[in-house]
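Note sheet for the following structure.
Nothing in this text is a laboratory measurement; each read-out follows from the coordinates by a stated rule. As the structure is a prediction and not an experimental result, all values here were calculated from the model. All Cβ positions, glycine included, derive from the backbone under ideal geometry; neighbour counts span all protein chains shown.
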Amino acid sequence: MCLILSHKLKYSYANPVYMITYFKKTKKAFLNFLFPPPLSVYKLENMSEKEILEVLPRSIDLSLFANSIFSYKNPLVKEAIKHIKFRGNSELISKFGKIMYEELSSYIPEYFGEDSAPYMLIPIPLSRKRFTDRGFNQSELLCEAIMANDNENMFELIPRALKRSRNTKPQAKLKRRERLKNVKNCFYCSRPELVRNRKIVLIDDVSTTGSTLRDARRALIESGVAHENIIAFTLAG
């Protein structure tokens, strides 16, 4: 009898994991119904990766620690980022994840040099409150999309290597000086033994002042990673 009840509970609405997944999907469907994506986003969803690269303005400068693929000044790029960051748009995440993989796979070996060990992908973490509110971390979703294209096993995803020590205000609402103060010393490395002597690629959706990425790099360096072994890639900047 207990086994039967346990089996029913596993696949019932009383199962907490099932309930969380169910409500996340329901919330997303409800938002899409009330606020459908604009035509511009719908067009992006139906473009190939090659067409997206032709349409959106590039911003990449491979001489920098933090590289952005597209220009955040472009309205269409901003709209796409908004739907990735706040809606978890799976179509855009899949396409942009593939673009990020192509950029990374062609550039990273040249930057770091050939390495037998996989390069480590670390997404910029959200605060617990923001993760609870959204139900996902867009940077982690982008990392998963990158990994979905990694048939050569070039990368290894370590999603929880970095954590936030406190909740921070959204960077987009702050001025430059406030942004630097807002994220100062807000990251720490939860598993230093995982990152030491590794070559690391920080992944985020957007970077403007670069303050978030620099503080993430600081946390990794304090955990024993050489500064020259850390680079960051974002979709836009």
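Remarks
- Shown for Cys189, Cys143: other C-beta atoms within 10 Å of each C-beta, ranked fewest to most, produce the order Cys189, Cys143.
- Taking other residues whose beta carbon is less than 14 angstrom from the beta carbon of Leu194, and scoring Lys, Arg as +1 and Asp, Glu as -1, yields +4.
- When the stretch 58-236 is reduced to its Cα atoms, the Kirkwood hydrodynamic radius in Å: 16.3
- Each Lys or Arg adds one and each Asp or Glu takes one away; over the other residues whose Cβ falls under 10 Å from the Cβ of Glu45, this sums to +1.
- Each residue, Ser48 and Glu110, gets one label point 7 Å from its Cα in the Cβ direction; the gap between the two is 2.3 nm.
- Sorted fewest first by neighbouring Cβ atoms within 10 angstrom, Asp205, Asp150, Asp115 come out as Asp115, Asp150, Asp205.
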